[in-house]
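The values are calculated or read from the model by the stated rules, or taken from the named source; none is laboratory data. It should be emphasised that the depicted structure is a prediction, and the values quoted were computed from it without experimental measurement. When we count neighbours, we look across all protein chains shown, and the Cβ atoms used for this are built from the backbone with ideal geometry, even at glycine.
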Amino acid sequence: MMSTPVQALYLATLCLIVVGAASCSHSSSRRIRVIFDTDANNEVDDQHAMAYLLFSGDTFDVAGVTVNATSDPNGFRTPSNVQDHYDEARRVMQLCGQLYGRIPLKLGAQGGFEEIAPHLDRPDFDGHEAVDFIIEQAGMQRDGELILLAVGKLTNVALAVAKEPSIARSVRLYWLGANYPGKGEHNKVWDIPAMNFLLDSDIPFEVVTVRYGDPSGTDAVKVTKAQILHRMPGKGPRISEPITGRHGGRFDNWGDYSANLFEMYQMYGNPPSRSLFDMAAVAVVKNPDWAERRMIPTPIYDIENDKWIDRPDNPRQIALWEWFDIYGIMNDFFVTMRQPVLVEPCR
């Protein structure tokens, strides 16, 4: 057959498409594909978890980031606008190598599961961008599981499963939340019905425990303000156009913003410190050896009496993550901040 410039261009283009598709497929087979679901603006751990994820491109493929609204930075029960969480997630993505616009960022639920679920048949229900994105990405999953790594309330995930129950076959949920077997905990409190719905669904469910004041939970994975102020400034790639931070100021790299967040936010204890709850959840997906995992019959939360109800005869089981390797996790966090490998969006 005669070769023409048009035919040659067509063949070259086809080869690029095939190679690109193969590259994406190969990448997915080697790395863990994740959607990160976050209340990014409620304190400081979400931002550090997101940076840790985005700088771990040798381990993760990040399909996208979805946000939801829980508390304002000024208080555990102070309501916030979901747009504030979107804006903070965008800032972190911009500072982590200009990934905003290259990795999808979707606006999720302002309200709670019980309020929104009756309206899932409407195209513009509260949180529809994030919920429909989760369903779409789960439907694209062919090999292995799509990890839904949720570090806020569970509204977006519960709505996605309610709208399209079949996604439970292609995803696995890791949730940073609950003081189980104790009561309380921020992420749980902000939407208990969403959590209960997922506990009684078919979705594989892994609970990364919080347990305030208990050495067995992620509350124990702490970093001091002094460590952050000493080790973080200047870390990460510099961006050409500085951005304005949550508390003001201009920043052209993630490390400087990390230090500013710790400088401006309330610390606890002596020396002053914060728990990096959400970052620890990313860590156990990255390396399961950094915590202990055990299976239990799935409990349910009694909202009226504010307590967990164990169901020892329940054939459905969930995983509990506890007793975290604090040194291993924090060491890898700082190594990753010093030597970031940016995630590469699959084109």
statement: Scanning segment 143-181 for residues that are in a helix (DSSP H, G or I) and charged (D, E, K, R) gives 163, 169
Selection from segment 266-275 of residues that are of a type in the set (Ser, Thr, Tyr) and surrounded by fewer than 18 Cβ atoms within 10 Å (Cβ to Cβ): 268, 273
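Quick one: which residue in 23, 27 is modelled with pLDDT under 50, in a helix (DSSP H, G or I) and closer than 30 Å to residue 154 by Cα?
27
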Total residues in segment 33-61, condition under 18 Å from residue 287 (Cβ atoms), acidic (Asp, Glu) and buried (at least 24 other Cβ atoms within 10 Å of the Cβ): 0
field: Index of the failed condition, residue 241 passing every other in (1) more than 22 Å from residue 157 (Cα to Cα); (2) among the acidic types (Asp, Glu); (3) surrounded by 14 or more Cβ atoms within 10 Å (Cβ to Cβ)
entry: (3)
- prompt: Within segment 44-88, can you find the residues that are out of contact with any Leu (no Cβ under 9 Å at 6 or more places or on another chain), under 21 Å from residue 130 (Cβ atoms) and β-branched (Val, Ile, Thr)?
  reply: 70
query: Considering segment 30-60 alone, what residues qualify as being farther than 16 Å from residue 274 by Cβ and either more than 11 Å from the chain's Cα centre (by Cα) or part of a helix (DSSP H, G or I) (or both)?
result: 30, 31, 32, 33, 53, 54, 55, 56, 57, 58, 59, 60
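Would you please name the residue that is surrounded by the fewest Cβ atoms within 10 Å (Cβ to Cβ), looking only at residues in segment 176-199 that are closer than 15 Å to residue 324 by Cα and within 15 Å of the chain's Cα centre (by Cα)?
Filtering segment 176-199 for residues that are closer than 15 Å to residue 324 by Cα and within 15 Å of the chain's Cα centre (by Cα), the one surrounded by the fewest Cβ atoms within 10 Å (Cβ to Cβ) comes out as 177.
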message: Being buried (at least 22 other Cβ atoms within 10 Å of the Cβ), among the hydroxyl-bearing types (Ser, Thr, Tyr) and touching a Lys or Arg at 6+ places or on another chain (Cβ under 9 Å) is the filter here; which residues of segment 146-175 pass it?
response: none
task: Can you tell me which residue within segment 309-347, out of those that are over 25 Å from the mean Cα position of the chain (by Cα) and surrounded by 12 or more Cβ atoms within 10 Å (Cβ to Cβ), is nearest to residue 92 (Cα to Cα)?
output: 310
task: Taking the options 153, 163, 183, name whichever one is at pLDDT 95 or above and farther than 23 Å from residue 46 by Cα.
output: 163
task: Select from segment 110-147 the residues that are among the hydrophobic types (A, V, I, L, M, F, W, C) and in contact with a strand residue (DSSP E or B) (Cβ under 9 Å, 6 or more places away or on another chain) and write down the one among them that is farthest from residue 255 (Cα to Cα).
output: 140
field: Residue identified as at pLDDT 95 or above, surrounded by 20 or more Cβ atoms within 10 Å (Cβ to Cβ), acidic (Asp, Glu) and within 30 Å of residue 201 (Cα to Cα) among 256, 306, 289, 278
entry: 278
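In the set 264, 337, 279, which member is aliphatic (A, V, I, L, M) and under 25 Å from residue 211 (Cβ atoms)?
Being aliphatic (A, V, I, L, M) and under 25 Å from residue 211 (Cβ atoms) holds for just one of 264, 337, 279, which is 279.
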task: Working carefully through the options 259, 220, 291, 226, find the one that is of a type in the set (Gly, Ala, Ser) and under 22 Å from residue 173 (Cα atoms).
output: 291
task: Scan 202, 143 and give me the residue that is touching a helix residue (DSSP H, G or I) at 6+ places or on another chain (Cβ under 9 Å), under 24 Å from residue 292 (Cα atoms) and surrounded by fewer than 22 Cβ atoms within 10 Å (Cβ to Cβ).
output: 202
